[in-house]
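Nothing in this text is a laboratory measurement; each read-out follows from the coordinates by a stated rule. As the structure is a computational prediction, the values presented were derived from the model and not from experiment. As a convention, Cβ positions derive from the backbone with ideal geometry for all residues, glycine included, and neighbour counts pool all protein chains shown.
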Amino acid sequence: MADRVPPPGLVHHPGAGGGSVIREALTLSARPDVLSFAGGLPASESIDAEGLRAAFDQVLSESPHTVLQYSVTDGDRRLREAIADRLTGRGLLTDPDRPLVTTGAQQALALLAAVLLRPGDTVAVEEPTYLAALQCFARAGARVIPVPTDDDGIEVEALAHVVDRERPRLVYLVPNFQNPTGRTLSLERRRAVARLAGEKGFWIAEDDPYGDLRFRGQHLPWVTAQDGAQDRSILIGSLSKILAPGLRLGWIHAPLCFRRACVVAKQAMDLHSSTVDQAAAAHYLATHDIDTRLEHASFLYRERCDAMLAALPEALPEGSTWSHPDGGMFLWVRLPGHVNAEELLPQAVSHGVAYVPGAPFFAGPPDRSTLRLSFAGHNPANIEQGMKRLGKAFT
Ligand code: PMP
């Protein structure tokens, strides 16, 4: 038999594979004896399974041959109307022709990278930031430059320096209850970032899957809605935390030239997002008071966040610091000294509790003493119990 020639190797994207720690942490969360605060899953109580089942029933009985057919790339018209209504209601005057429906906000990030980034292009990000966005930019071959953050989000002076020095094409922000820190970008800084984008000429990606989950304080207007940002800001949203992540529905709202490029890129990726899922989501949004549901979900998250905040002083070693989120699902902890949260994880798991080590969320040299806790998935009693376990693991 002739020698067999191996097929060519797979493409390697440096920096794009950092998800293994999270995957491991999520695997641990499946163990029934572990109280896991690792995953970023919305509370199951916040998902209206019965209402969604009825919405699927309705659209499948009403127009089965439409909702089971191929459809347009832009997305279901009724869903785009619902999205445009919500955006306008929150201060971004728009119309149904503007949002492009995506397969989760995650696909919006992939589209953004596909239409904007060439290998070697620069993206500036909050340090730390959403891990799967870092992976997306790494896959595009981008150079990712971290910008320091504090309790009010990205530090604008530091961003201005990065912009002057590195000339990024894109600045990526998660302005509300950021993943992983739970922090919110202040109004003053939203205005300043928009101004800077106008002066220096860069795109802003404003990724906001958590903005509807505010449980303290006032909603802040988007960066995209600030003076000077409209022609250079891309707002990304999601139904994952509003309805259910399993629907895999999100949207991208961008200037028209950008939107057109995204439509072409999406055609090559998946033609369009699931027709039946979009129709059911649109039907659900048209027939339910979603704002009241979101108020309930936010109340639930506030209770859970407060239970965690109350338990942390006892659970964490003296000198630890943590964020105080006004919404969303995450809280960010820094342990004192030179401890490594990744090395401590097996010890935590042996005490029946799990978290995500902070290091993979850093674009630059990681602060290994950090970790992310999600308060969304457990009731206050379990949170108290979990924090006690964490306290034992850390002593
Ligand atoms: N952006 C951020 C900041 C997120 O935290 C997430 C979800 N974990 C996403 C995007 C992706 O959301 P979706 O489920 O809509 O794809």
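Quick one: among G141, G246, G211, which has the greatest mean-square fluctuation in a GNM of the chain with alpha-carbon springs under 10 angstrom?
G246
Hey, rough spin-label estimate for N382 and E62, points 7 angstrom out along Cα→Cβ, what's it come to in nanometres?
3.5
In terms of the Cα gyration tensor, with a ≥ b ≥ c the square roots of its eigenvalues, is the range 236-333 rounded because a/c is under 1.5, prolate because a/b exceeds b/c, or oblate?
prolate
Select from S186, L79, V263 the residue farthest towards the positive end of the dipole of the range 49-287; place +1 on Cβ of Lys and Arg, -1 on Cβ of Asp and Glu, and compute about the Cα centre.
Highest projection toward the positive end goes to V263.
Which of the three applies to the range 49-287, rounded, prolate or oblate, going by the alpha-carbon gyration tensor with a ≥ b ≥ c and a/c under 1.5 meaning rounded? Display every interim value, and only then the final one.
Details: a/c = 2.05, a/b = 1.62, b/c = 1.27.
Because a/c hits 1.5 or more and a/b exceeds b/c, the range 49-287 counts as prolate.
Give me T292, T149 sorted ascending by neighbouring Cβ count inside 10 Å, so fewest comes first.
If I rank by nearby Cβ atoms, fewest first, I get T292, T149.
Which of the lysines could a cross-linker span from K392 if the Cα-Cα distance has to be under 21 Å and same-chain partners fewer than 8 positions apart are dropped?
Cα-Cα hits under 21 Å: none found.
Leaving out same-chain residues fewer than 8 places away, which aspartates and glutamates sit with a Cα under 15 Å from that of K241?
Result set, ordered by chain and number: E45, D48, D207, D208, D212, D291, E295.
Per 0.36 nm of contour for each residue apart, how much would the distance between F299 and S44 grow if the chain were fully extended, relative to their Cα-Cα spacing?
Extra length available between F299 and S44 comes to 90.4 nm.
To the nearest 500 deg cm²/dmol, what mean residue ellipticity at 222 nm is calculated for the chain from DSSP H runs of n ≥ 4 alone, each contributing -39,500 (n - 2.57), summed and divided by the residues?
Estimated from H runs of four or more residues: -13500 deg cm²/dmol.
Tell me whether the range 294-381 comes out rounded, prolate or oblate; compute the Cα gyration tensor, take square roots of the eigenvalues as a ≥ b ≥ c, and use a/c under 1.5 as the rounded threshold.
Prolate shape, in that a/c is at least 1.5 and a/b is the bigger ratio.
For the chain, with only Lys/Arg (+1) and Asp/Glu (-1) charged at the beta-carbon, what is the dipole magnitude about the Cα centre, in debye rounded to 20?
Roughly 740 debye for the chain.
What order do you get for 39-50, 126-137 when each peptide is scored by the mean count of other beta carbon atoms within 10 Å, highest first?
Ranking the peptides 39-50, 126-137 by packing returns 126-137, 39-50.
Count neighbours as other Cβ atoms within 10 Å of each site's Cβ, and list the chymotrypsin sites (Phe, Trp or Tyr not before Pro) in the range 148-253 that are DSSP loop with at most 14 such neighbours. Let's see the in-between values first.
Working: sites: Y172, F177, F202, W203, Y210, F215, W222, W251; in loops: F177, F202, Y210, F215, W222.
For chymotrypsin sites (Phe, Trp or Tyr not before Pro) across the range 148-253 that sit outside H, G, I, E and B with at most 14 neighbouring Cβ atoms in 10 Å, the list is empty.
Mind listing which GluC sites (Glu not before Pro) in the range 257-320 are in a DSSP loop and have 12 or fewer other Cβ atoms within 10 Å?
Values: sites: E295, E303, E314, E318; in loops: E318.
Hits after loop and neighbour filter: E318.
To the nearest 0.05, what FRET efficiency results for T27 and H288 with a Förster distance of 45 Å applied to their C-beta separation? Mind showing how you got there, number by number?
Details: r = 34 Å, r/R0 = 0.77.
Working from the Cβ atoms, E equals 0.85.
So for the pair D306, D95, with labels modelled 7 Å out along Cα→Cβ, what separation do we get in nm?
It works out to 4.5 nm between the two label points.
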